[in-house]
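Below is one structure; the comments refer to it alone.
The values are calculated or read from the model by the stated rules, or taken from the named source; none is laboratory data. This one's a predicted model, so the numbers in the text were calculated from it and none came from an experiment. Every residue, glycine as well, gets a Cβ built from its backbone with ideal geometry; the counts of neighbours run over all protein chains shown. What goes into the accessible areas is simple: the full protein's heavy atoms, side chains included, and nothing from ligands, DNA or RNA. Shrake-Rupley method; radii C 1.70, N 1.55, O 1.52, S 1.80 Å.
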Amino acid sequence: MIKQQLTHEEKILLKDIQQAYENIMLELGNTEMKLQILNLKKNELIKSIEQYQKNQEEIAKSLQSKYGEGSIDIDKGEITIY
């Protein structure tokens, strides 16, 4: 087996490539963590939307039961019955 020394430039080049690879892997890990956090936040927001939609439906049913079928002008606080 023959061993030869790499040139100084070759060692620097290989170390630079290795460091760049490690930096990319670290950044990928950080990005994945951020994505996980964003997905958790997204799921929380979806649950909130679902809850608000459920509340809206319950209020609509309550108002329809009280006033009958119609349309509501929220700004005026009026309901027009059909």
Given the options Lys54, Lys41, Lys11, which has the most mean-square fluctuation in a GNM of the chain, springs set between C-alpha atoms less than 10 angstrom apart?
-> Lys11
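Return the loop-located GluC sites (Glu not before Pro) in the stretch 20-82 (DSSP other than H, G, I, E, B) with at most 16 other Cβ atoms within 10 Å of their own Cβ; answer none if there are none.
For GluC sites (Glu not before Pro) across the stretch 20-82 that sit outside H, G, I, E and B with at most 16 neighbouring Cβ atoms in 10 Å, the list reads Glu69.
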Nearest-20 debye value, the chain charge dipole, Cβ charges on Lys, Arg, Asp, Glu | 280
The chain, helix-only ellipticity at 222 nm - DSSP H runs n ≥ 4, -39,500 (n - 2.57), divided by all residues, nearest 500 = -27500 deg cm²/dmol
Which number do you get for Rg(Cα) / (2.2 N^0.38 Å) in the stretch 1-53?
-> 2.28
Cα gyration tensor shape of the stretch 28-73, rounded if a/c is under 1.5, else prolate or oblate by comparing a/b with b/c | prolate
First compute the accessible area of the chain with a 1.4 Å probe, then give the percent of it belonging to carbon and sulfur atoms.
-> 58
Accessible area expressed per residue, the stretch 43-82, with surrounding protein chains retained (probe 1.4 Å, Å²) | 96
